[in-house]
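Nothing in this text is a laboratory measurement; each read-out follows from the coordinates by a stated rule. Just so it is clear, the model here is predicted, and its values are computed rather than measured. For neighbour counting, all protein chains shown are included, and Cβ atoms are generated from backbone atoms with ideal geometry for every residue, glycine included.
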Amino acid sequence: MSLDKTYKLVPGTTVFDAEQSAKGYHLNQFCMSLMKAGNRERYLADERAYMDEWPLREEQKQALLDRDLNAAMREGGNIYFLSKWGATLGLSFQQMAGSMTGMTEQEYRAMMINGGRSIAGNRIDHAVLEAAYDDPTPPTEHATITGAVFTSHVPAIGAAMDHHNTDEPYWRPVFEGYELSKQWEKENLPDVIFLVYNDHATAFDLSLIPSFVLGTGAAYPTADEGYGPRPVPGIEGDPDLAAHIAHSLIRDDFDLTLVNEMSVDHGLTVPLSLMFGDVETWPCKVIPFHVNVVQYPVPSGARCFKLGQSLRKAIESYGKPLKVQVWGTGGMSHQLQGPRAGLINREWDTAFLDKLIEDPVGLSQVPHLEYVEEAGSEGIELVMWLIARGAMSDIDGSGEVEVKHRFYHVPASNTAVGHLILENHPRAEAPAAKE
Ligand SMILES: O=C(O)c1ccc(O)c(O)c1
């Protein structure tokens with residue numbers, strides 16, 4: 001038993017966590033479809049035929065045909081989603097809850113009138129819980145963060161690649177700056193990239209403005225941002241690692257929005273193109289992590305840096321021997337709007353890169369106002385780099401960081417391009433004292 005999932009010991013109770021959510025994803029989405037009157041009618045006319053339109057497992061369909069909510073919950077159903085199904089059948093919450101207890105409807109109702117089920121006899125078996133605490137067998141293997149990549153994600157760079165313009169004199173210096181990076185990626189290919197980026201009014205419009213979004217889904221298509229989707233592959237996620245990260249970060253008080261379905265825009269695809277070139281499929285899994293830097297208030301650099309530290313704990317406690325890179329993208333200085341559009345502050349960008357390497361703690365204290373004033377309104381994207389920096393091994397003192405590559409160029413469309421690769425290494429042993 002994983003010690004942080006001891007809620008599984010509460011008797012007669014299924015806590016709906018990311019694991020259950022992944023198991024019941026289609027079942028719960030099917031239930032949601034019953035919020036539309038037309039779908040309810042079609043379901044009631046032929047339950048089996050309507051369910052067959054959904055990618056449900058037979059066990060899930062059978063649970064509903066049997067009106068067996070316990071089985072539906074075992075199959076990943078959540079009571080609030082299942083209640084849409086119950087409502088379709090005309091069941092009240094009391095009828096649904098009671099149906100899971102082995103009592104008749106009348107017995108259950110009478111129990112509730114008499115004060116409800118007693119807590120006596122319904123607590124955790126504390127002997128089992130204590131045994132779990134006495135033997136917190138740590139995983140014998142775990143994931144490792146091998147390095148961090150920092151890069152701008154200018155859409156025009158993607159367009160230059162997609163239209164085969166990379167050899168033009170305007171673009172050549174930009175792509176030359178990533179030649180070493182592509183080689184480095186070939187030699188240091190991770191199993192998973194945790195890719196921090198911002199969505200640019202693509203997957204999230206103003207109906208929903210989440211500060212932090214963790215992609216817990218299995219796959220994400222390339223977005224159409226108005227020019228048609230880029231001719232690059234969609235990405236494969238890692239739902240299991242993402243669920244573990246969600247669990248760990250939320251327990252560390254980072255209130256994430258978890259997203260199973262979304263398209264990914266240039267903020268995510270351009271860095272992949274820069275680091276892997278033109279490929280049929282991306283060579284590893286990618287967990288997308290979106291940060292709102294579009295509408296204020298946006299997270300501070302300090303918050304992002306702390307999130308990176310927490311992310312390190314999360315990834316390195318995952319019980320599979322995966323190699324993981326954390327990428328921070330966006331920036332550098334740029335302003336896409338108003339009479340100040342085109343702002344480039346080479347001096348500030350250079351100092352940002354220096355501090356990111358040498359003084360990340362100090363850099364994390366820089367307030368929003370300085371980003372906007374010095375790096376332009378869209379330069380605020382740089383706070384995302386602090387997530388990747390916070391996840392490096394020198395921050396918690398477990399290792400050391402080596403700069404493998406640094407690059408800076410102006411311009412790419414309206415921006416300066418900045419790029420850095422840091423590698424994590426075990427801390428060098430202090431030399432033995434001489435006799
Ligand atoms: O310079 C540009 O063209 C440009 C456009 C959109 C972006 O999101 C961006 O970072 C840069």
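Values for this structure:
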quantity: Amide H contacts of residue 333 (H built 1.01 Å from N, under 5 Å, at least 5 apart or other chain); calculated: 345, 416
quantity: Other-chain or far-sequence residues with amide H under 5 Å of residue 234's (modelled H); calculated: 222
quantity: Gained length - residue 295 relative to residue 182, 0.36 nm times residue gap less alpha-carbon distance; calculated: 37.3 nm
quantity: Of 8/306; 182/313; 186/355; 8/320, pairs whose Cα-Cα distance is over 24 Å; calculated: 8/306; 182/313; 186/355
quantity: 3J(HN,Hα) from dihedral phi, the stretch 64-69, Karplus parametrisation 6.51/-1.76/1.60, rounded to Hz, x for glycine, proline; calculated: 6, 4, 7, 6, 9, 5
quantity: For peptides 260-268, 361-369, sequence by mean Cβ density within 10 Å, most packed first; calculated: 260-268, 361-369
quantity: In sequence order, calculated HN-Hα J values of the stretch 35-52 (Karplus, 6.51, -1.76, 1.60; Hz; x Gly/Pro); calculated: 7, 9, 4, x, 5, 4, 4, 5, 5, 5, 5, 7, 4, 4, 4, 5, 5, 5
quantity: The stretch 209-286: chymotrypsin sites (Phe, Trp or Tyr not before Pro) in DSSP loop, at most 12 other beta carbons within 10 Å; calculated: 227
quantity: Residue among 124, 344, 387 with the largest mean-square fluctuation in a Gaussian network model of the chain, springs linking Cα atoms under 10 Å; calculated: 124
quantity: Prolate/oblate/rounded call for the stretch 6-133, Cα gyration tensor, a/c under 1.5 rounded; calculated: oblate
quantity: Neighbour cut-off at most 14 other Cβ (10 Å), DSSP loop, trypsin sites (Lys or Arg not before Pro), the stretch 1-48; calculated: 36
quantity: Sorted by Cβ density within 10 Å, fewest first, the residues 372, 213, 417; calculated: 372, 213, 417
quantity: Long-range HN-HN contacts of residue 199 with modeled amide H, under 5 Å; calculated: 291
quantity: Choice from 161, 275, 103 with maximal GNM fluctuation in the chain (Cα, 10 Å cutoff); calculated: 103
quantity: Simple Cβ-charge dipole of the stretch 6-133, Lys/Arg +1 and Asp/Glu -1, about Cα centre, in debye nearest 20; calculated: 300 debye
quantity: Neighbour-count ranking [beta-carbon atoms within 10 angstrom, fewest first] of 75, 130, 187; calculated: 187, 130, 75
quantity: GNM result for the chain, Cα springs below 10 Å: residue of 338, 328, 98 fluctuating most strongly; calculated: 338
quantity: Order of 249, 206 - criterion: other Cβ atoms within 10 Å of each residue's Cβ, fewest first; calculated: 206, 249
quantity: Cα-based shape type of the stretch 144-426, given that a ≥ b ≥ c are square roots of the gyration tensor eigenvalues and the cut on a/c is 1.5; calculated: rounded
quantity: Cβ-based charge dipole, the chain, positive-most Cα from 161, 314, 410; calculated: 314
quantity: Helical mean residue ellipticity (222 nm; -39500 (n - 2.57) per DSSP H run of 4+; nearest 500) of the chain; calculated: -11000 deg cm²/dmol
quantity: Phi to ³J(HN,Hα) by Karplus 6.51 cos²θ - 1.76 cosθ + 1.60 over the stretch 209-214, Hz, x for Gly, Pro; calculated: 10, x, 6, 10, 10, 9
quantity: Bridge type composition, the chain - antiparallel percent by DSSP, nearest 5; calculated: 50 percent
